Amino acid sequence: MSTVSIIVPATTANLGPGFDCIGAALSLYNEFQFTQINTAETTLKINVTGAEAERVQTDESNLLYQAFLKFYQHIEKTPPSVEIDIKLGVPLARGLGSSATAIVGGLVGANLLAGEPLRQVEVMQLAIEMEGHPDNVVPALLGGCRLAATGLILEPQRHRERREEWEICNIPWHWDVIPVVAIPDFELSTAEARGVLPSEYSRKDAIFNAAHLGLLVRGLESGRGDWLRVAMQDKIHQPYRQSLIQGYDPVYAAAVNAGAYGMVISGAGPTLLALASTTQAESVAKAMESAWQEAGVKAEAKVLKVDFQGARRTDVEF
Ligand SMILES: Nc1ncnc2c1ncn2[C@@H]1O[C@H](COP(=O)(O)OP(=O)(O)OP(=O)(O)O)[C@@H](O)[C@H]1O
Ligand SMILES: N[C@@H](CCO)C(=O)O
């Protein structure tokens, strides 16, 4: 009987101007344990613990198990019978990549149980295909802050039109840029938050986001607050989603007045992410939590760290 235990970090996607292309892994974790059971027919048992455990499916529709099945389908092998233990540490539908932890966790767990027939880049490709955008699953798998660009590779010599490949680059994160998340007690599904976005944008908005994403990358790398203050703005998703998050404006004002470089929606929300210096992070967290409570919303603010390791085994010492 084989068992593998892994943890997968939460992630915050977009970081303002990097819609669907940049994200960072954070020090909040979901834990997954897979125990292979030797039985004739394929059976499944899923146990879920932690806050909101009752919200996670325990049958074959479970997203972690769906990723597990996708892996075995990809390697053209019959999936083994398995008992899965899920310990939740990442809140659901809050913009912290809970679905990405399930997709990455299912694929990584299956790869480990199967003796690692796939390389990490192949697992990453399957994860992006499942989620539909790279900015949560890539940092959840690899750790750190990651920028993903898809290059359409022309292969004229083979008369094949295009092969889409992802180019992933690590974005160095300065030690004095601290992620502060304020997690409200209401939810906003990614599907709903994507549904309010326009399908086309002006050239002016496209140029605005291109410039601000470049400045964001340099600001994260250098720790320069003057660059981050300007960089954390967006024309692609924030203007359409802010109204879905009750209290956005007062929480933004409180965060900046408490010394944050800036504040954005974490992923598709409703969690709000502020970036602050080490000395300001705690006061920014308190200010965001108080502002939301004054707006009538119960929220919990946490000063986190960037997780630079990504999904990893916890049952063996390396
Ligand atoms: N740890 C988990 N294990 C198994 N399934 C999960 C887990 N987390 C989320 N899911 C499932 O993934 C699906 C989407 O979850 P959720 O609503 O949290 O994702 P979302 O809308 O993408 O929001 P976010 O990714 O910001 O958390 C739901 O069916 C949920 O049950
Ligand atoms: N880029 C995605 C992230 C979802 O977590 C969105 O904002 O819809």
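The values are calculated or read from the model by the stated rules, or taken from the named source; none is laboratory data. Model, not experiment: these values are computed from the prediction. We place every Cβ from the backbone using ideal geometry, glycine too, and count neighbours over all the protein chains shown.
Take the stretch 74-119 and flag every residue that is polar (S, T, N, Q) and either away from ligand 1 (no atom under 11 Å from the Cβ) or over 28 Å from SER266 (Cβ atoms) (or both).
THR78, SER81, ASN111
Let's see how each residue does on (1) away from ligand 2 (no atom under 16 Å from the Cβ); (2) under 17 Å from HIS237 (Cβ atoms); (3) buried (at least 24 other Cβ atoms within 10 Å of the Cβ):
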{"residue": "ALA254", "(1), (2), (3)": "yes, no, yes"}
{"residue": "ASN257", "(1), (2), (3)": "yes, no, no"}
{"residue": "GLY267", "(1), (2), (3)": "no, yes, yes"}
{"residue": "SER277", "(1), (2), (3)": "yes, no, no"}
{"residue": "ALA285", "(1), (2), (3)": "yes, no, yes"}
{"residue": "SER290", "(1), (2), (3)": "yes, no, no"}
{"residue": "GLN293", "(1), (2), (3)": "yes, no, no"}
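Could you please give the count of residues in the stretch 55-73 that are more than 10 Å from ligand 1 (Cβ to nearest atom) and basic (Lys, Arg)?
Counting residues in the stretch 55-73 that are more than 10 Å from ligand 1 (Cβ to nearest atom) and basic (Lys, Arg) gives 1.
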Problem set entry | Within the stretch 62-87, tally of residues that are under 21 Å from the mean Cα position of the chain (by Cα) and either within 16 Å of ligand 2 (Cβ to nearest atom) or within 18 Å of ALA127 (Cα to Cα) (or both) | 9
For this session: Could you list all residues from the stretch 186-208 that are of a type outside the set (Phe, Trp, Tyr), part of a helix (DSSP H, G or I) and more than 13 Å from ligand 2 (Cβ to nearest atom)?
Result: ARG203, LYS204, ASP205, ALA206, ILE207
For this session: Can you run down the residue pairs with Cβ atoms below 8 Å, 6 or more apart or on separate chains, where the first is in the stretch 38-56 and more than 17 Å from LEU28 (Cβ to Cβ) and among the aromatic types (Phe, Trp, Tyr) and the partner is outside any loop (DSSP other than H, G, I, E, B) and within 11 Å of ligand 1 (Cβ to nearest atom)?
Result: none
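Which one of GLY310, GLY269 is in contact with a strand residue (DSSP E or B) (Cβ under 8 Å, 6 or more places away or on another chain), at positive phi and not acidic (Asp, Glu)?
GLY310
Can you confirm whether the stretch 88-98 contains a residue that is of a type in the set (S, T, N, Q), within 16 Å of ligand 2 (Cβ to nearest atom), under 27 Å from ALA191 (Cα atoms) and touching a Leu at 6+ places or on another chain (Cβ under 6 Å)?
yes
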Problem set entry | Which listed residue, of GLU187, GLU192, is under 23 Å from VAL284 (Cα atoms), charged (D, E, K, R), out of contact with any Asp or Glu (no Cβ under 8 Å at 6 or more places or on another chain) and within 16 Å of ligand 1 (Cβ to nearest atom) | GLU187
For this session: Spot the failing condition for THR39; the list is (1) at pLDDT 95 or above; (2) in a loop (DSSP other than H, G, I, E, B); (3) β-branched (Val, Ile, Thr), and only one is missed.
Result: (1)
Exercise. Do you know which residues across the stretch 226-261 are without any contact (Cβ under 8 Å) to a residue 24 or more places away in the chain and under 26 Å from GLN293 (Cβ atoms)?
Worked result: PRO239, GLN242, SER243, ASP249, TYR252, VAL256
Exercise. Of all residues in the stretch 23-70, which are among the hydroxyl-bearing types (Ser, Thr, Tyr), touching a Lys or Arg at 6+ places or on another chain (Cβ under 7 Å) and surrounded by 13 or more Cβ atoms within 10 Å (Cβ to Cβ)?
Worked result: SER27
For this session: Quick one: count up the residues across the stretch 101-121 that are farther than 14 Å from GLN66 by Cα and in contact (Cβ under 8 Å) with a residue 40 or more places away in the chain.
Result: 5
For this session: With respect to GLU164, determine if the residue is part of a strand (DSSP E or B), away from ligand 1 (no atom under 16 Å from the Cβ) and more than 20 Å from the chain's Cα centre (by Cα).
Result: yes
Seminar exercise, completed: Flagged in the stretch 212-255 as in contact with a strand residue (DSSP E or B) (Cβ under 9 Å, 6 or more places away or on another chain) and either on the phi > 0 side of the Ramachandran plot or β-branched (Val, Ile, Thr) (or both), in numbering order, are VAL217, VAL230, ILE245, GLY247, VAL251
